[in-house]
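This report concerns only the one structure given below.
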Amino acid sequence: MSWNTFGRVFRFTTWGESHGPALGVVVDGCPPGIELSEADIQPYLDARRPGQSKYTTQRREPDEVRILSGVFEGRTTGTPISLMIENTDQRSKDYSEVAKAYRPGHADYTYDAKYGFRDYRGGGRSSARETAARVAAGAIARKVIPEVTITGWVEQIGEVPLLYSRFDREEIARNPFFCPDAETVTRWEQLVDNARKNGSSLGALVTCWAEGVPAGWGAPIYAKLDSELAAAMMTINATKGVEIGDGFAAVTNTGETNADPMRPGADGGVEFGANHAGGIAGGISTGQPVTCRVAFKPTSSILTPVDTVTREGEATEIRTKGRHDPCVGIRGVPVVEAMMALVLADQKLLHRAQVGQP
């Protein structure tokens, strides 16, 4: 299998399967001399970790990370940083039916069509379990961009959006939904619990802001900051759509309402009157918050019977047993944040390489 690496200067390669002995990531291109330990990485893995509430998969993984290389005396050496996360709670027997028939909406059929072989135990590489490695790599990326603050949250589950009039950033860390509104949490609890009890699943919309990104990161044409972000977010399992700034809502704007008015700022800088562009113009950051929204489809592994075919092409139906997220987008928040950090770290180093600025 090819294409397990993402990035240009700050690159990462993930490895491992959902039900293998371990998974991990090799980060290459990280500058030397950055303070780094497992304690810098673990909080982000803890935020993504499964089994923390009844609203996510009940697979119990400690997701404890080990640094195997690239760090000496608490600092990065500039050589590849290898991280490993052991799998300790696999239940491969839950996938006996998946071995015989394909789950509609999952990668079972397409992996088989491409390779003529697939790891049916939890989906192998196609499992969202792989994203733990990305989150670990994203923790390193954040150390490369200390000037940037990245915040993600769930904006909508199913047909129930949060009310931004009650937005409270501090609330995000207080509930299992990464929701910035306590009142919306109660509605989502009932919504997700009903889907779980009914053997179904729900989609979700995740929003992510990166504040503190200076003007100038990104490149014209083929390494645009927004195209890199869109590509990064689309690699996340179950992602079906990405918006930068206003995204599709820009279709209903006019030129004057969609413009981000500019005026002189302090110290010869620029101030903007709006941020419809999501902090990016011409593929290059403007100095405003870089914003994106990521749409996650409902989890494909559900208990409700769905029509499918066997590997031999015979008609059948399948119910996916085991432990699965009734709304995979909830735990997508730490993953979206990680991919934002990974792209921004890469773009910062690309910028420094091209124009010689930090």
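The values are calculated or read from the model by the stated rules, or taken from the named source; none is laboratory data. None of these values were measured; they are calculated from a predicted model. Note: ideal-geometry Cβ built from the backbone for every residue, glycine included; neighbour counts use all protein chains shown. In case anyone asks, the SASA skips ligands and DNA or RNA and just uses the protein heavy atoms, side chains included. Shrake-Rupley method; radii C 1.70, N 1.55, O 1.52, S 1.80 Å.
For first residues located in segment 104-131 and among the acidic types (Asp, Glu), partners that are open to solvent by 60 Å² or more (accessible area, probe 1.4 Å) and lie 6+ apart or on another chain with Cβ distances below 6 Å form the pairs Asp119/Glu17. Counting only strands (runs of 3 or more DSSP E) wholly contained in segment 274-350, the ones carrying 3 or more residues that are at pLDDT below 95 and not small (Gly, Ala, Ser) occupy 306-309, 315-318. Could you go through segment 10-21 and let me know if any residue there is modelled with pLDDT of 90 or more, open to solvent by 50 Å² or more (accessible area, probe 1.4 Å) and assigned to a loop (DSSP other than H, G, I, E, B). Within segment 10-21 (the criterion being modelled with pLDDT of 90 or more, open to solvent by 50 Å² or more (accessible area, probe 1.4 Å) and assigned to a loop (DSSP other than H, G, I, E, B)), the answer is no, since none of the residues qualifies. Taken together, the residues in segment 232-254 that are in a helix (DSSP H, G or I) and open to solvent by 60 Å² or more (accessible area, probe 1.4 Å) amount to 4.
Could we say that Trp153 is open to solvent by 60 Å² or more (accessible area, probe 1.4 Å) and among the aromatic types (Phe, Trp, Tyr) here?
On the way: open to solvent by 60 Å² or more (accessible area, probe 1.4 Å): no; among the aromatic types (Phe, Trp, Tyr): yes.
For Trp153, the condition - open to solvent by 60 Å² or more (accessible area, probe 1.4 Å) and among the aromatic types (Phe, Trp, Tyr) - is not met.
Identify the residue in segment 334-358 that is closer than 26 Å to Ser18 by Cα and in contact with a Lys or Arg (Cβ under 8 Å, 6 or more places away or on another chain) and, among all such residues, is surrounded by the fewest Cβ atoms within 10 Å (Cβ to Cβ).
Start the filter on segment 334-358 by keeping residues that are closer than 26 Å to Ser18 by Cα, which leaves 334-343.
Subset that is in contact with a Lys or Arg (Cβ under 8 Å, 6 or more places away or on another chain): 334-335, 338-339, 341-342.
Working: Pro334: 24, Val335: 30, Ala338: 32, Met339: 32, Ala341: 28, Leu342: 28.
The residue in question is Pro334.
Taking the criterion of being open to solvent by 50 Å² or more (accessible area, probe 1.4 Å) and more than 30 Å from Pro32 (Cα to Cα), would at least one residue in segment 124-141 satisfy it? Scanning segment 124-141, I find no residue that is open to solvent by 50 Å² or more (accessible area, probe 1.4 Å) and more than 30 Å from Pro32 (Cα to Cα), so the answer is no. Count of segment 57-89 residues, restricted to those that are crowded, with 19+ Cβ neighbours inside 10 Å, modelled with pLDDT of 65 or more and not in a strand (DSSP E or B), is 3.
Starting from residues that are under 30 Å from Gly279 (Cβ atoms) and hydrophobic (A, V, I, L, M, F, W, C), keep the ones in segment 293-310 and report whichever is most open to solvent (accessible area, probe 1.4 Å). That would be Ala295. If the condition is being out of contact with any Ser or Thr (no Cβ under 7 Å at 6 or more places or on another chain) and in a helix (DSSP H, G or I), then segment 146-171 contributes Tyr164, Ser165, Arg166, Glu170, Glu171. Residues in segment 22-51 that are of a type in the set (Gly, Ala, Ser) and at pLDDT 90 or above: Ala22, Gly24, Gly29, Gly33, Ser37, Ala39, Ala47.
With respect to Gly218, determine if the residue is open to solvent by less than 50 Å² (accessible area, probe 1.4 Å) and either free of Cβ contacts under 8 Å to residues at least 60 places away in the same chain or under 17 Å from Pro289 (Cβ atoms) (or both). Criteria met by Gly218.
Here segment 259-283 is the region considered, the condition is being open to solvent by less than 50 Å² (accessible area, probe 1.4 Å) and touching a residue at least 40 places away in the same chain (Cβ under 8 Å), and the residue that is farthest from Gly199 (Cα to Cα) is Gly283.
Could you grab me the full set of residues in segment 311-333 that are in contact with a strand residue (DSSP E or B) (Cβ under 7 Å, 6 or more places away or on another chain) and open to solvent by less than 50 Å² (accessible area, probe 1.4 Å)? If you could, list the steps in order and put the result at the bottom.
As a first pass, look at segment 311-333 and keep what is in contact with a strand residue (DSSP E or B) (Cβ under 7 Å, 6 or more places away or on another chain): 315-318, 327-330, 332-333.
Within segment 311-333, Ile318, Cys327, Val328, Gly329, Ile330, Gly332, Val333 qualify.
Could you tell me which residue of segment 194-212 is modelled with the highest pLDDT, considering only residues that are open to solvent by 30 Å² or more (accessible area, probe 1.4 Å) and over 27 Å from Asn275 (Cα atoms)? Out of the qualifying residues, it is Leu202.
Of the residues that sit in segment 173-193 and are outside any helix (DSSP H, G or I) and touching a residue at least 12 places away in the same chain (Cβ under 8 Å), which one is most open to solvent (accessible area, probe 1.4 Å)?
So, considering only residues that are outside any helix (DSSP H, G or I) and touching a residue at least 12 places away in the same chain (Cβ under 8 Å), the one most open to solvent (accessible area, probe 1.4 Å) is Pro176.
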